[in-house]
Amino acid sequence: MGEISCASEPINGVLSRSSSSPPPSGYRKSCWYEEEIEENLRWCFALNSILHTGSTQYQEIALFDTKPFGKALVIDGKLQSAEVDEFIYHECLVHPPLLHHPNPKTVFIMGGGEGSTAREILKHRTVDKVVMCDIDEEVVEFCKEYLVVNTDAFNDPRLNVIINDAR
């Protein structure tokens with residue numbers, strides 16, 4: 001699971017000291033998100049702010065404003081996507097099969113509550129209908145509200161969102 005840590009650091013970056021109180025003069029507050037990828041491998045990145053943390057019936061959800069990646073969606077302590085580079089994954093996931101298909105009309109998305117896969121599919125003019133089935137309505141609604149890059153996809157009349165277990 002991911003972990004958030006905050007510390008006061010000197011502006012020149014030489015020392016570090018933990019504190020939950022405001023940083024003393026000459027120090028700045030520094031917050032980091034750290035996630036264990038596997039044993040002996042972790043990554044971390046600096047946070048501008050924590051925009052949201054909460055739990056649904058199915059999972060824990062967090063949205064961070066990170067210094068290197070912009071908004072980052074974290075579900076169950078694992079980074080799902082970050083606004084600076086999420087398009088790379090979703091474009092590679094969607095466009096090769098749709099360009100290979102002679103005439104895609106209807107596409108089913110199993111999961112995909114953040115809306116990014118739907119966004120990329122809806123760029124194809126031949127697609128008449130996209131059905132996205134996600135089990136967690138709270139995550140879907142959260143992403144509709146906070147991941148503005150996908151607003152057009154969620155408002156596209158070709159998208160039919162079904163809240164249910166896709167199995």
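The values are calculated or read from the model by the stated rules, or taken from the named source; none is laboratory data. Since we're looking at a predicted model, the values are computed, not measured. Using ideal geometry, Cβ is built from the backbone for each residue, glycine included, and neighbour counts are taken over all protein chains shown. When the accessible area is computed, the model is the full protein with side chains, heavy atoms only, and any ligands, DNA or RNA have been set aside. Shrake-Rupley method; radii C 1.70, N 1.55, O 1.52, S 1.80 Å.
The figures follow:
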{"read-out": "Members of segment 70-91 found to be exposed (fewer than 15 other Cβ atoms within 10 Å of the Cβ) and of a type in the set (Val, Ile, Thr), listed by number", "value": "84, 88"}
{"read-out": "Of the criteria (1) within 30 Å of residue 31 (Cβ to Cβ); (2) assigned to a loop (DSSP other than H, G, I, E, B); (3) open to solvent by 20 Å² or more (accessible area, probe 1.4 Å), which one residue 113 fails", "value": "(3)"}
{"read-out": "Cβ pairs under 9 Å, 6+ apart, first in segment 81-96 and over 17 Å from residue 67 (Cβ atoms), second in a loop (DSSP other than H, G, I, E, B) and at pLDDT 95 or above", "value": "94/123; 94/124; 95/123; 95/124"}
{"read-out": "Test: residue in segment 64-72 that is assigned to a strand (DSSP E or B), among the acidic types (Asp, Glu) and modelled with pLDDT of 95 or more", "value": "yes"}
{"read-out": "Residue check for residue 151: open to solvent by less than 60 Å² (accessible area, probe 1.4 Å), out of contact with any helix residue (DSSP H, G or I) (no Cβ under 7 Å at 6 or more places or on another chain) and not in a loop (DSSP other than H, G, I, E, B)", "value": "yes"}
{"read-out": "Single match in 98, 79 (criterion: under 30 Å from residue 4 (Cβ atoms) and of a type in the set (A, V, I, L, M))", "value": "79"}
{"read-out": "Selection from segment 116-127 of residues that are surrounded by fewer than 22 Cβ atoms within 10 Å (Cβ to Cβ) and among the small types (Gly, Ala, Ser)", "value": "none"}
{"read-out": "Some residue of segment 93-107 being part of a strand (DSSP E or B) and either open to solvent by less than 70 Å² (accessible area, probe 1.4 Å) or at pLDDT below 95 (or both)", "value": "yes"}
{"read-out": "Residue count, segment 128-148 (criterion: in a loop (DSSP other than H, G, I, E, B) and surrounded by fewer than 20 Cβ atoms within 10 Å (Cβ to Cβ))", "value": "3"}
